[in-house]
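Accompanying notes for the structure given below.
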Amino acid sequence: MPGEQGVGRPSPKTIGVPDVLFCLPFITALRGVAGLNVVTDPPAALAHRLDARTLDAAFLSPIDYARNASEYLIVPGSAVSSPEGNNSIVVHFRPGVRSVRTLAVPPTSASDIILAKMLLAERFDLNPTMVPVIGSLAAMLERADAALLAGDAALRSASSHPNGLDLVEEWVIATDLPYVHGFWVCREGALTEEEYRMIAAAPPRGHLSLGESEAAGALEEFSYTLSEEVREGIREFLRYAYYHGILLDVPDLRFYGSDEAAGPDPALN
């Protein structure tokens, strides 16, 4: 089991994070830290592994947190959000299509797929059937009227296919709140205070190590603080998911450490 005590010393804690550009500051800063074993996996695999207790903590999407909110606590101090449109979640339409009846979706964050479903319904009165497709954007558009791209694939498509529908921008317009891509989650007692503060403090250190690279420039489009506005962005997303019948209720946001119930830790934001 992760975090299990050995003879005379604790074993390293195993924490999981998606191998995507916006999580690079966490990966860069936390890999090699004594006592932490950082693994990368797709979002769905991370959610499964945390549920199965083979991870001590994981970077999860809002919807994956909500599905086990009674067991999970949010690690305070850091998250990844987009305060404005940045082409990190995009719907591309097949040329000449007049009605979107099918939407090709890749193996991506569940929250991103749900965001597409909710916004297409609310803002454009569209309710396409989701078609799982693994492949290029061209391959996806051969199978469906439109295609959803998220994360690195969406960012790469921005220059070659500039006319996609930016769902982050649509979310910000609809709610006046940032879109939250994910945050760190664990169970009670899984991390020490030193460990969770190390995770929360990772983004600035990761950014520093990236210097003036191309990746560092791209990351300027994302925010890494778990501010009250970001928390409200999470709550609003979960309310939307409830109203659309995706969640049975709207779970409370519960934070690791008793001092986090009332608000963010100013020392970490």
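The values are calculated or read from the model by the stated rules, or taken from the named source; none is laboratory data. The structure displayed is predicted, hence computed values, not measured ones. Neighbour counts run over all protein chains shown; Cβ positions are idealised from the backbone, glycine included.
Looking at (1) part of a loop (DSSP other than H, G, I, E, B); (2) in the same structural domain as A52 (by TED's automatic domain parsing), which one does V75 not meet, given that it meets all the others?
(1)
Would you point out the residue of segment 38-71, among those that are crowded, with 24+ Cβ neighbours inside 10 Å and of a type in the set (S, T, Y), that is farthest from the chain's Cα centre (by Cα)?
Restricting to residues being crowded, with 24+ Cβ neighbours inside 10 Å and of a type in the set (S, T, Y), the top hit is Y65.
Does P76 satisfy the condition of being modelled with pLDDT under 95, surrounded by fewer than 17 Cβ atoms within 10 Å (Cβ to Cβ) and touching a Gly at 6+ places or on another chain (Cβ under 7 Å)?
Working: modelled with pLDDT under 95: yes; surrounded by fewer than 17 Cβ atoms within 10 Å (Cβ to Cβ): no; touching a Gly at 6+ places or on another chain (Cβ under 7 Å): yes.
Against the criterion (modelled with pLDDT under 95, surrounded by fewer than 17 Cβ atoms within 10 Å (Cβ to Cβ) and touching a Gly at 6+ places or on another chain (Cβ under 7 Å)), P76 does not qualify.
Mind checking which residues of segment 23-53 are assigned to a loop (DSSP other than H, G, I, E, B) and touching a Gly at 6+ places or on another chain (Cβ under 9 Å)?
D41, the sole residue that qualifies.
Take the residues in segment 198-256 that are polar (S, T, N, Q) and touching a residue at least 24 places away in the same chain (Cβ under 8 Å); name whichever of them is farthest from N87 (Cα to Cα).
Across segment 198-256, the extreme among qualifying residues is S209.
List pairs: first in segment 95-119 and at negative phi and without any contact (Cβ under 8 Å) to a residue 12 or more places away in the chain, second assigned to a helix (DSSP H, G or I) and surrounded by fewer than 21 Cβ atoms within 10 Å (Cβ to Cβ), Cβ under 9 Å, 6+ apart or cross-chain?
Hits for this filter: P95/L141.
For segment 39-51, does any single residue satisfy the condition of being closer than 12 Å to I199 by Cα and among the hydrophobic types (A, V, I, L, M, F, W, C)?
no
I'm trying to understand the selection: among the residues of segment 21-53, which are within 25 Å of A154 (Cβ to Cβ) and among the small types (G, A, S)?
If the condition is that a residue be within 25 Å of A154 (Cβ to Cβ) and among the small types (G, A, S), then A29, A44, A45, A47 are the ones that fit.
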